[in-house]
């Protein structure tokens with residue numbers, strides 16, 4: 001059995017995602033004629049989903065998406081469209097419901113905690129900024145003034161007449 005990469009979309013996963021993906025609808029009565037060189041055909045939805053999973057799993061930028069998935073800007077446009085349609089929220093809800101059936105989620109005690117303040121004792125242990133961490137205080141340079149004074153307060157850079 002071969003090694004499966006974490007961004008690989010299995011057939012089982014795709015069969016669960018496929019019903020959530022919005023279908024491309026054409027306007028009735030409108031004639032569509034593709035001119036030569038008039039753009040690319042739409043990407044297959046599975047390839048788009050695989051590309052989105054690749055970006056989410058690897059953390060790469062959209063522009064760094066391998067060419068095998070298609071145009072990075074097209075994939076990003078699909079991502080934004082699917083996000084507006086609620087594809088990912090529906091997928092998350094279904095996954096959560098499935099996990100609840102399998103393992104059971106204790107909904108009664110769920111809580112959230114977060115803090116957005118500075119640690120009160122951090123200044124004593126880490127220094128005033130990240131570049132000073134690990135330095136002894138007597139070795140750090142003074143931020144407001146140089147540690148030596150020049151012999152002459154100022155000098156003229158113009159040649160003497």
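Taking the conditions (1) under 22 Å from the mean Cα position of the chain (by Cα); (2) part of a helix (DSSP H, G or I) in turn, residue 7 satisfies each one other than (2). Restricting segment 73-90 to residues that are touching a helix residue (DSSP H, G or I) at 6+ places or on another chain (Cβ under 6 Å) and more than 19 Å from residue 5 (Cβ to Cβ), which is surrounded by the most Cβ atoms within 10 Å (Cβ to Cβ)? Once the filter is applied, the top-ranked residue is 78. If you go through segment 31-70 and pick out every residue that is surrounded by 15 or more Cβ atoms within 10 Å (Cβ to Cβ) and part of a loop (DSSP other than H, G, I, E, B), you end up with 3.
Each reported figure results from applying straightforward, stated rules to the coordinates on display, with no laboratory input. Since this is a predicted model, take the numbers as computed values, not measurements. Cβ atoms come from the backbone with ideal geometry, glycine included; neighbour counts cover every protein chain shown.
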